[in-house]
Amino acid sequence: MSTVAELASSNRGYSYAFLDEFAKRELRRRILKAIAIPGYQVPYASRELPIARGWGTGGLQVTLALVGPDDVVKVIDQGADDSVNAANLRRFIARMAGADTTTDASRATLIQSRHRIPEERLQEHQTLVLQVPDPEPLRSVEHDISKARLMHAEADYGLLWLSLYEQLVRYRRVTLGASYPCLVHHRYVMSPSPIPRWDVPKLHQSAHLTLLSAGREKRLYAVPPYTDVRPLEFADVPFRVEDQRGWMCYRTGLQNKFMNELPQTGGGAIYEISDTGFVEKVLRKVPDREAAGSTPAQAAVGATYYDDEGRFYIDGYLR
Amino acid sequence: MLGATATYSHAEAIARQAFLALMWALSYPGRVRQLPPSRFDEDDFMLFGRALLDPETSYFCPDGSLAARLARHGAKSRSVASAAYVFLPRLDEAALALVSEVRLGTHALPDEGATLIVGCDLDAADAPEIVCSGPGIEGQVRVRIGSVPLAFWELRRQMIRYPLGFDAFFVHRGRVVGFPRTTQAEVA
């Protein structure tokens, strides 16, 4: 009589980069269509992974479809390279693909991120993969997903504009924080994923490729390089990023980078730059620090999207 | 763990590198990119097949010999009007007539627009310059694509009603240029 062990197929290990050939090929076909139609949500057959849906499976599948042993991978979670989620995803990708890893955004060829875009400007042929919990920007105004798709097909975004107007009437400002809806290439409204408003302008006319993927919703979309991405705004009520003027990073002394607010016992708060990889590079550069002299050939801190005075690098984009 | 369980085989490497070439060709339209060399005695079209085709998708090719070789990837052979991938080794008058029949997607599903893989001559110094602009292009980029009749560019302009349209790759001797439907192409 056969045993279960005999009947079970032998352990042949994993496919390269975990996903099987069919899964990768399907994802790759979808990625090409997403690039060809910026902002349009392309459906795909989201596969099971050894992490739960909602923990970055969409981004991870896209990363696994792209990654190779010649890649240098950076994984960030809310700006941090060292969060549990980021560390586990990075370790998984590195094990499954044999890729090198880094915390330096300028050195990475492939950056998977949850809810942040690095402070340093990304360059041509870098790929940013954003994890997306909800890809549908019309969800708040149209719960029926079939109707929402029809609205995208007809470029019918009137309800979305109306919801922004209602916020202005009720609160005197647009109350949306993360996932601020954007018009891509003058046609599709997309959710930029729950990045803060601070990061939304970084998608406009960027040199790098951005891929956004929602594993649970089985949708992926793209912002190709040098593509117009405009947050929805009224002519007389311009889009605004978070007002963090006067906030200073307690670790670097820098201002005008996106900060985390750290409440203190007894009241008050201190601030630190959210992008930990950037902070790491800045601290290495400080000449008084002992480590500076002993650290060989550290990469220079690259140009940032916002300068030290808080000006965005594309003149006139933020009014 | 990696060494024992996940081998980056040559087949895997070729499929991935071919895909990356296509991805960057589409991301930066009008720029010539290198396709990876294949040890499998494959021409450029078969390399496309390796990267993109399997039983989940469909293709059309008017060249019987190439069509038979592409069939090895398991994709369904369909008419030009319903195929997802249309392989045109030569863009002569007959092929141009086929282009006018490719599927363009619908407003609900624009991603169902076909992808064309077209043979061309990227070394033709006397070919007219194509001036490209649109997403993926900083300002303008110019490229010469020989063995493509001027009528193709006019036909493409007439057929693409964004977001409806087709996407095209032009291939020649291990090189590829991408033209997504978003690219505006004008003959200089």
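The values are calculated or read from the model by the stated rules, or taken from the named source; none is laboratory data. Because the structure is predicted, anything quoted here is derived from the model rather than measured. Cβ atoms come from the backbone with ideal geometry, glycine included; neighbour counts cover every protein chain shown.
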Looking at this structure, is B:Ala15 more than 8 Å from chain A (Cβ to nearest Cβ), part of a helix (DSSP H, G or I) and either among the aliphatic types (A, V, I, L, M) or out of contact with any His (no Cβ under 6 Å at 6 or more places or on another chain) (or both)?
no
Restricting segment A:140-160 to residues that are assigned to a helix (DSSP H, G or I) and under 24 Å from B:Thr182 (Cβ atoms), the one nearest to the other protein chains (Cβ to nearest Cβ) turns out to be A:Ala153
So the check is Cβ under 9 Å with 6+ separation or different chains; which pairs have a first residue in segment B:174-188 that's among the acidic types (Asp, Glu) and a second one that's in a strand (DSSP E or B)?
B:Glu186/B:Ile130; B:Glu186/B:Val131; B:Glu186/B:Cys132; B:Glu186/B:Ser133
Report, by residue number, each residue of segment B:35-44 that is surrounded by 20 or more Cβ atoms within 10 Å (Cβ to Cβ), more than 25 Å from A:Val223 (Cα to Cα) and among the hydrophobic types (A, V, I, L, M, F, W, C).
none
May I ask you to verify whether A:Pro69 is under 18 Å from A:Asp275 (Cα atoms), not in a strand (DSSP E or B) and not charged (D, E, K, R)?
no
Residues in segment B:61-72: is at least one touching a residue at least 24 places away in the same chain (Cβ under 8 Å), within 20 Å of A:Arg30 (Cβ to Cβ) and not hydrophobic (A, V, I, L, M, F, W, C)?
no
Quick check, is A:Thr101 at pLDDT 95 or above, polar (S, T, N, Q) and within 15 Å of the chain's Cα centre (by Cα)?
no
Name the single residue, out of those in segment B:18-34 being part of a loop (DSSP other than H, G, I, E, B) and surrounded by fewer than 20 Cβ atoms within 10 Å (Cβ to Cβ), that is nearest to the other protein chains (Cβ to nearest Cβ).
B:Arg31
Within segment A:173-188, how many residues are within 13 Å of chain B (Cβ to nearest Cβ) and in contact with a helix residue (DSSP H, G or I) (Cβ under 7 Å, 6 or more places away or on another chain)?
1
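Conditions tested, residue by residue: (1) among the aromatic types (Phe, Trp, Tyr); (2) in a loop (DSSP other than H, G, I, E, B); (3) in contact (Cβ under 8 Å) with a residue 12 or more places away in the chain; (4) surrounded by fewer than 20 Cβ atoms within 10 Å (Cβ to Cβ).
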{"site": "A:Gly54", "(1), (2), (3), (4)": "no, yes, yes, yes"}
{"site": "A:Asp82", "(1), (2), (3), (4)": "no, yes, yes, yes"}
{"site": "A:Met96", "(1), (2), (3), (4)": "no, no, yes, no"}
{"site": "A:Arg107", "(1), (2), (3), (4)": "no, yes, yes, yes"}
{"site": "A:Gln112", "(1), (2), (3), (4)": "no, no, yes, no"}
{"site": "A:Pro137", "(1), (2), (3), (4)": "no, yes, yes, no"}
Of all residues in segment B:35-51, count the ones that are within 13 Å of chain A (Cβ to nearest Cβ) and touching a residue at least 60 places away in the same chain (Cβ under 8 Å).
1
Among (1) in a loop (DSSP other than H, G, I, E, B); (2) within 23 Å of A:Ile76 (Cα to Cα); (3) within 13 Å of another protein chain (Cβ to nearest Cβ), the one test that A:Ser46 misses
(3)
Report, by residue number, each residue of segment A:187-219 that is within 21 Å of A:Ala155 (Cβ to Cβ) and free of Cβ contacts under 8 Å to residues at least 60 places away in the same chain.
A:Ser191, A:Val200
Out of the residues in segment A:191-213 that are within 13 Å of chain B (Cβ to nearest Cβ) and aliphatic (A, V, I, L, M), state the one that is surrounded by the most Cβ atoms within 10 Å (Cβ to Cβ).
A:Leu211
Kindly indicate the residue of segment B:146-188 that is within 14 Å of chain A (Cβ to nearest Cβ) and among the aromatic types (Phe, Trp, Tyr) and also surrounded by the fewest Cβ atoms within 10 Å (Cβ to Cβ) among those meeting that condition.
B:Tyr162
Subset of segment A:256-284 (residues that are assigned to a strand (DSSP E or B) and either in contact with a His (Cβ under 9 Å, 6 or more places away or on another chain) or of a type in the set (Val, Ile, Thr) (or both))
A:Ile270, A:Ile273
Of the residues in segment B:42-61, those that are among the charged types (D, E, K, R) and farther than 16 Å from B:Leu20 by Cβ come to B:Glu42, B:Asp43, B:Asp54, B:Glu56
Could you please give the count of residues in segment B:126-139 that are surrounded by fewer than 17 Cβ atoms within 10 Å (Cβ to Cβ) and within 11 Å of chain A (Cβ to nearest Cβ)?
2
Leading residue by the ranking (nearest to the other protein chains (Cβ to nearest Cβ)) among those in segment A:223-245 that are more than 30 Å from A:Leu262 (Cβ to Cβ) and aliphatic (A, V, I, L, M):
A:Val223
